[in-house]
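The next block holds one structure in the form of structure tokens; read it before the comments.
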Amino acid sequence: MKLATLKSDSRDGRLVVVSKDLAWCADATRIAPTLQAALDDWERCEGELRTLSDELERETIPRERFHEREALSPLPRAFQWADGSAYVNHVELVRKARGAEMPASFWTDPLMYQGGSDAFLAPRGDIPLGDTAWGCDMEGEIAVITGDAPMGCSVEEAEKAIRLVMLVNDVSLRGLIPAELGKGFGFFQSKPPSAFSPVAVTPDELGEAWDGRKLHLPLLVKYNGEPFGKAECGVDMTFDFPQLIAHLAKTRPVTAGTIVGSGTVSNKLDDGPGKPISEGGVGYSCIAEIRMIETIESGEPKTPFMNYGDTVRIEMKDKTGHSIFGAIEQEVVKA
């Protein structure tokens, strides 16, 4: 089942069910006005939404064309957005580039921060940037939306709480991060609103690509129209989604509508740093990573961060080449 939120008079949009080929949708507001409302009453709504989805596929109900440009992020705002750093290779490269040792605990205890969730960008919405000196970067990620999970839940309980899967562009302002982290209080100004894929899907929709814990497909990133990354999401993921959710729930309950991110998808190559696609590698899911590798190899980065007019496209395709979630496609503009 595929769900989306279309623009409406409400800031939370209106819920629709989307066809498997992303061509059509059907209004679902008689079941739940918004995706958050559906998540709050998932035990009742899931079955009714699946029935509506089946009717849409059989073309037995009124339908309308689905246009990704009219979609908001599936949850235009959320009660919680917690982003992990499950691909520890990415963290290791960041620290290596600045000459810092990698604490052994990073391989056994997930990194996670709580991001701003009061307003997300639309998947085809511009990325507003106040100053190019802030170092604007994209970060291609996977995310799940949860139902309720109790405080102290096990990894097995956390797995059962996963309701939907989607893609993320976690926009980061790299130039602001060092000073913020130096204060010892974490990200704030350096993490502006993120954007999520036009469509969120139930795990069963992913077939064999979803094993209950990880998504085993490449994340396709284009930068200014050119292939930039195709990292395999199921490879080098040190902490899977149930582990991330259980980590989040250690001291607090997780409520329905919580979004948990994977962090930047990152692969090694022959147990070393990755390489650009043009050199036979799988590329990168963010600019910072190629800058790290350039710094390690030559002493300084060569690839600039995003400028006004630069574009990013993040997408995932199934084994037949069809888009699963629709595409995040954004341009950096002057705020």
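Observations
- Candidates 260, 265, filtered to the one that is part of a strand (DSSP E or B) and under 17 Å from the mean Cα position of the chain (by Cα): 260
- Among the criteria (1) in contact with a His (Cβ under 8 Å, 6 or more places away or on another chain); (2) assigned to a helix (DSSP H, G or I), the one residue 36 does not fulfil is (1).
- Residue count, segment 120-148 (criterion: touching a residue at least 12 places away in the same chain (Cβ under 8 Å), farther than 23 Å from residue 325 by Cα and not small (Gly, Ala, Ser)): 6
- For residue 50, the stated conditions do not hold, so it cannot be described as loosely packed, with under 15 Cβ neighbours inside 10 Å, within 23 Å of the chain's Cα centre (by Cα) and of a type outside the set (A, V, I, L, M).
- Test: residue in segment 82-93 that is farther than 25 Å from residue 324 by Cα, open to solvent by 20 Å² or more (accessible area, probe 1.4 Å) and modelled with pLDDT under 95: yes
- Residues in segment 214-271 that are under 30 Å from residue 304 (Cβ atoms) and of a type in the set (D, E, K, R) were compared, and the one that is most open to solvent (accessible area, probe 1.4 Å) is 270.
- All positions within segment 177-199 that are open to solvent by less than 50 Å² (accessible area, probe 1.4 Å) and at pLDDT 95 or above: 190, 191, 192, 194, 195, 196, 197, 198, 199
- Among the residues making up segment 109-120, those that are open to solvent by 30 Å² or more (accessible area, probe 1.4 Å) and outside any loop (DSSP other than H, G, I, E, B) are 112, 113, 114.
- Some residue of segment 300-315 being touching a residue at least 24 places away in the same chain (Cβ under 8 Å), open to solvent by less than 10 Å² (accessible area, probe 1.4 Å) and part of a loop (DSSP other than H, G, I, E, B): no
- Annotation: of all residues in segment 316-335 being of a type in the set (Val, Ile, Thr) and not in a loop (DSSP other than H, G, I, E, B), the one that is surrounded by the fewest Cβ atoms within 10 Å (Cβ to Cβ) is 333.
- Per-region count, segment 49-92, residues under 23 Å from residue 259 (Cβ atoms) and in a loop (DSSP other than H, G, I, E, B): 11
- Taking each residue of segment 149-176 that is over 28 Å from residue 315 (Cβ atoms) and surrounded by 24 or more Cβ atoms within 10 Å (Cβ to Cβ) and looking for partners that are at pLDDT 95 or above and of a type outside the set (A, V, I, L, M) with beta-carbon atoms closer than 9 Å, six or more apart or interchain, yields 149/157; 149/160; 149/253; 149/255; 149/258.
The values are calculated or read from the model by the stated rules, or taken from the named source; none is laboratory data. On a predicted model such as this, the values are computed, not experimentally measured, just so you know. Cβ sites come from the backbone with ideal geometry, for glycine too, and all protein chains shown count toward neighbours. What goes into the accessible areas is simple: the full protein's heavy atoms, side chains included, and nothing from ligands, DNA or RNA. Shrake-Rupley method; radii C 1.70, N 1.55, O 1.52, S 1.80 Å.
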